[in-house]
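Structure first, commentary second.
The values are calculated or read from the model by the stated rules, or taken from the named source; none is laboratory data. Treat the numbers as computed from the prediction; the structure is a model and nothing was measured. Here Cβ is always computed from backbone atoms with ideal geometry, including for glycine, and neighbour counts include all displayed protein chains. The accessibility values were calculated without ligands, DNA or RNA, using every heavy atom of the protein model including side chains. Shrake-Rupley method; radii C 1.70, N 1.55, O 1.52, S 1.80 Å.
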Amino acid sequence: MSKNKVLNLKDKVDGNEMDLSLCNLTEVPVKELAAFPKVTVLDLSCNNITSLPLEFCSLSHLVKVDLSKNQLTVLPDDLGRLGNLQHLDLYNNKLTILPVSFSQLKNLKWLDLKDNPLEINLAKAAGDCLDEKQCKQCAAKVLQHMRILQEEVDKERERRLLKDKELEKKKETKQREREAKEREARKREKAEGKERKRKEYNAHMAALAVQEQKNKRKEEKKKRNGQMAADKKAAAESTPKAQRRSLIGLLFKLLLLVLLGLAGVVGVCHLTGLKEEAVCAPINIAVDDGLSWIREQEVDVRVRELVQEVDIRARELLQKLTSLAPHFLEPLGVAPTATEPVETLEN
């Protein structure tokens, strides 16, 4: 309200009473009323007030309030804060119910709820309120009725709280179960991931081992191929030499056999009874000529000694052959003869 209206409120004050009836008010000037804490009696009757602001409940110094003949449809939920209120006139309004906090008006002694469209139980509790006694009874009965409602509301609130707690517990239980499942899922996922990594690692190591084995086999194969090539090369290089050595050995063996054969023929023709045969005549002549030629030659003493040694060895060989001759000549019908000594070389 403006300053002039505040000044007008001062004009409405008479001691501890303020009369704002018949002022065509649609709202209660709570802020301005708060400036008059000594006013305990407030008359707001015969106005067009439809509701009381929440701030109205802060005017706890009020003892008597007249709100009759207004357009109130509802009272603020915190009306019970008016702890000093003893007299309340709500005659001829549009109220159907009262706030549950109404039961907290412990000092209320007088109440008028006539000509309000009250709900049935509240109307029965309020009664007629046609005189002072009935209005006092109305206050007591309405307070009792509202306390019962308050208890029911409190019980309902407790049931709601218990239900909320149970729901909260169930919610927490479900939350814990969900969290446990999530932890188990994470744990299982972690274990699966670890197992998958282990398998991947084993597969990788196996692949490396296989690759290493392949490389090793390739290296061994390469070495074998190199060795085979080297062996082939060495064999190719050594084959001609071996062949030459083998050929020389073969020729040497043939020559030795030939010499042995000639020595045998000479021994047979010179020491056995076959020396008179025509076949041995040329051989004996050649041997005699050779010996004669050696005698005629002027050779070194060493050569002569060598020839004598050869002669001695040849004579021994001939004697051995002679001793063996009967075994070969008897089947032929030839009688062996005594051997004659071979003439040695003279100096």
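Each residue of the stretch 218-228 in order: what ³J(HN,Hα) in whole Hz does its phi give by Karplus 6.51 cos²θ - 1.76 cosθ + 1.60, θ = phi - 60°, with x for Gly and Pro?
Karplus values, whole Hz, x for Gly and Pro: 4, 5, 5, 4, 5, 5, 4, 4, x, 5, 5.
State, to one decimal in nm, how far the label point of ASP11 lies from the label point of GLU168, with both points 7 Å from Cα in the Cβ direction.
5.7 nm
Please turn the phi angles of the stretch 67-79 into ³J(HN,Hα) values with the Karplus equation 6.51 cos²θ - 1.76 cosθ + 1.60 (θ = phi - 60°), one per residue in order, whole Hz, x for glycine and proline.
My calculation for the stretch 67-79 gives 10, 5, 6, 10, 10, 5, 10, 7, 10, x, 5, 8, 4 Hz in order.
Taking the Cα centre as origin and putting +1 on Lys and Arg beta-carbons and -1 on Asp and Glu beta-carbons, what dipole magnitude results for the stretch 43-175, to the nearest 20 debye?
540 debye
Run the simple label-point estimate for GLU192 and THR26 please: 7 Å along Cα→C-beta, distance reported in nm.
6.9 nm
Over the stretch 38-165, what percent of the accessible surface lies on carbon and sulfur atoms, probe 1.4 Å?
On the stretch 38-165, the fraction of accessible area on carbon and sulfur atoms equals 50 percent.
Using a Förster distance of 51 angstrom, determine the FRET efficiency expected from the C-beta separation of LYS136 and GLN175, and round it to 0.05.
Values: r = 56 Å, r/R0 = 1.09.
Efficiency, rounded to the nearest 0.05: 0.35.
For the pair ALA263 and GLN319, what calculated FRET efficiency results from E = 1/(1 + (r/R0)^6), where r is the Cβ-Cβ distance and R0 = 22 Å, to the nearest 0.05?
Details: r = 13 Å, r/R0 = 0.58.
Here the calculated transfer efficiency is 0.95.
What list of ³J(HN,Hα) couplings, whole Hz, do you get for the stretch 196-202 from phi and the Karplus terms 6.51, -1.76, 1.60, once you set θ to phi - 60° and write x for glycine and proline?
Here the 3J(HN,Hα) series is 5, 5, 5, 5, 4, 5, 4 Hz.
Highest mean first, what order results for 249-257, 114-122, 58-66 on Cβ atoms within 10 Å? Provide the component values of the computation, followed by the final result.
Working: 249-257: 10.0, 114-122: 15.2, 58-66: 17.9.
Ranking, from highest mean packing down: 58-66, 114-122, 249-257.
Measuring from label point to label point, each 7 Å out along Cα→Cβ, what is the ARG245 to GLU200 span in nm?
6.4 nm
Grab the beta carbon distance between ALA235 and ALA209, set R0 = 35 Å, and tell me the FRET efficiency rounded to 0.05.
My answer for the efficiency is 0.40.
Could you tell me what a quarter of the Cα convex hull surface of the stretch 1-147 works out to, in nm² with one decimal place?
In nm², the orientation-averaged hull projection of the stretch 1-147 is 7.7.
What pairs in LYS31/LYS64; LYS69/LYS106; LYS12/LYS109 have C-alpha atoms more than 20 Å from each other? List each step's numbers first, then the result.
Working: LYS31/LYS64 18 Å; LYS69/LYS106 25 Å; LYS12/LYS109 26 Å.
Beyond 20 Å between Cα atoms: LYS69/LYS106; LYS12/LYS109.
Grab the Cα-Cα distance for ALA281 and VAL63, subtract it from 0.36 nm times how many residues apart they are, and report the gain in nm with one decimal.
Details: separation 218, 0.36 × 218 = 78.48 nm, distance 18.77 nm.
Length gained, ALA281 through VAL63: 59.7 nm.
In square angstrom, rounded to the nearest 10, how much accessible surface does ILE148 have for a 1.4 Å probe?
80 Å²
Can you tell me the length gained on complete extension of the stretch LYS155 to LYS124, counting 0.36 nm per residue apart and subtracting the Cα distance?
8.8 nm
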